[in-house]
Amino acid sequence: MAERARLRFWPEAVLCLLLAAVFGARAASVTASVDRPTVTLGETVTLSITFDGVATASQPQLPPLPNFQVAGTGQRSEFAPGRMRQTYEYHLVPNQPGDFVIPAFQIQSGGQTY
């Protein structure tokens with residue numbers, strides 16, 4: 001049986017960040033999610049950070065994640081009239097089996113801290 005690394009993700013504590021500012025008629029937001037809560041050692045889990053209606057200059061820098069290696073990154077952009085959504089992806093590989101929590105961190109973008 002393959003060893004597994006289980007990832008606990010606490011969106012209300014850290015990574016699901018909502019901005020209470022108004023961008024046009026809609027509120028802007030920053031959210032984060034992982035594509036799955038459990039991975040087999042050696043596989044990747046994707047952490048996605050989405051900026052909806054928030055201007056981003058460049059891909060946000062993650063804080064050190066001691067139980068993971070960043071195996072790659074990616075970016076997607078969606079445009080609609082008067083609105084932009086950017087998603088930055090971080091492909092993370094656990095270093096060892098166990099239960100891990102992505103720690104609290106802040107992201108700065110467009111002169112704001114989220």
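Relative to the present Cα-Cα distance, how much length would full extension add between residue 108 and residue 35 at 0.36 nm per residue of separation?
On the way: separation 73, 0.36 × 73 = 26.28 nm, distance 2.32 nm.
Full extension of this stretch gives 24.0 nm more.
What spacing in nm lies between the two simple spin-label points modelled at residue 91 and residue 61, each 7 Å away from Cα in the Cβ direction?
That separation, rounded to one decimal, is 2.4 nm.
With a 1.4 Å probe and all protein chains left in place, how much accessible area per residue does the range 32-114 have, in Å²? List each step's numbers first, then the result.
Working: 4420 Å² over 83 residues.
Value for the range 32-114: 53 Å² per residue.
The values are calculated or read from the model by the stated rules, or taken from the named source; none is laboratory data. Every value quoted in this text rests on a predicted model; they were computed, and no experiment measured them. Ideal geometry is used to build each Cβ from the backbone, glycine not excepted, and the neighbour counts take in all protein chains shown. Side chains included, ligands, DNA and RNA excluded: accessible areas come from the protein's heavy atoms. Shrake-Rupley method; radii C 1.70, N 1.55, O 1.52, S 1.80 Å.
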